[in-house]
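Bear in mind these aren't lab numbers, they're just calculated from the coordinates by the rules spelled out. These figures come from a predicted structure and were not determined experimentally. Note: ideal-geometry Cβ built from the backbone for every residue, glycine included; neighbour counts use all protein chains shown.
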């Protein structure tokens with residue numbers, strides 16, 4: 001019988017005007033320390049982006065998210081933070097920040113299927 005795996009996840013949010021604290025969900029990052037698992041995915045709907053009446057550049061946001069992805073995945077071109085171990089990278093990604101790309105506070109859970117749970121959460125919270 002498969003054992004439950006502990007995980008944490010945070011929703012990635014786009015906050016066009018930080019001072020207004022309005023946001024919409026654009027991605028998800030999830031990790032499991034014991035399983036040495038980290039996964040990140042994002043999707044920005046261009047129409048929703050336009051509705052926020054922001055002066056942000058879509059390509060700038062896309063590049064920012066790609067940097068998040070490089071850190072999460074620990075790629076060589078992800079900088080010094082990407083060299084850290086998975087829990088430290090997750091903590092850096094989910095640290096409280098005052099920027100246009102933020103994350104929710106981390107939420108814990110248990111599952112037998114990390115990828116299946118990631119897909120379910122992504123579909124429920126982002127799409």
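To make sure I understand, if each residue's beta carbon is the centre and we count other beta carbons within 10 Å, what order do 14, 114, 6 fall in, fewest to most? Numbers along the way, then the final one.
On the way: 14 23, 114 18, 6 13.
Going from least to most buried by this count: 6, 114, 14.
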Between 93, 65, 84, which gets the highest mean-square fluctuation from a Gaussian network model of the chain, Cα cutoff 10 Å?
-> 84
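Full extension from residue 123 to residue 84: what is 0.36 nm times the residue separation minus their Cα-Cα distance, to one decimal in nm?
Value of the extension gain: 11.2 nm.
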Degrees, to the nearest 10: 114-125 long Cα axis against longest axis of the chain = 30
Rounded to the nearest 0.05, what FRET efficiency do residue 36 and residue 60 have when you use their Cβ-Cβ distance and R0 = 25 Å?
-> 0.20
What number, rounded to the nearest 500 deg cm²/dmol, is the helix-based mean residue ellipticity at 222 nm of the chain, given -39500 (n - 2.57) per DSSP H run of at least four residues and division by all its residues?
-> -10000 deg cm²/dmol
Among 110, 83, 48, whose mean-square fluctuation peaks in a Gaussian network model of the chain (Cα, cutoff 10 Å)?
-> 48
Between the Cα axis of helix 58-73 and the main Cα principal axis of the chain, the angle (0 to 90°, nearest 10) is 20
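How would 90, 68 line up from fewest to most surrounding beta-carbon atoms within 10 angstrom?
Values: 90 25, 68 21.
Ascending Cβ contact count within 10 Å gives the list 68, 90.
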Go ahead and set up a Gaussian network model of the chain, Cα springs under 10 Å, then flag whichever of 99, 67, 32 fluctuates most.
-> 99
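How long are the three semi-axes of the equivalent ellipsoid of the chain, in whole Å, if each is the root of 5 times an eigenvalue of the C-alpha gyration tensor, listed from largest down?
Details: eigenvalues 132, 59, 29 Å².
The equivalent ellipsoid of the chain has semi-axes of 26, 17, 12 Å.
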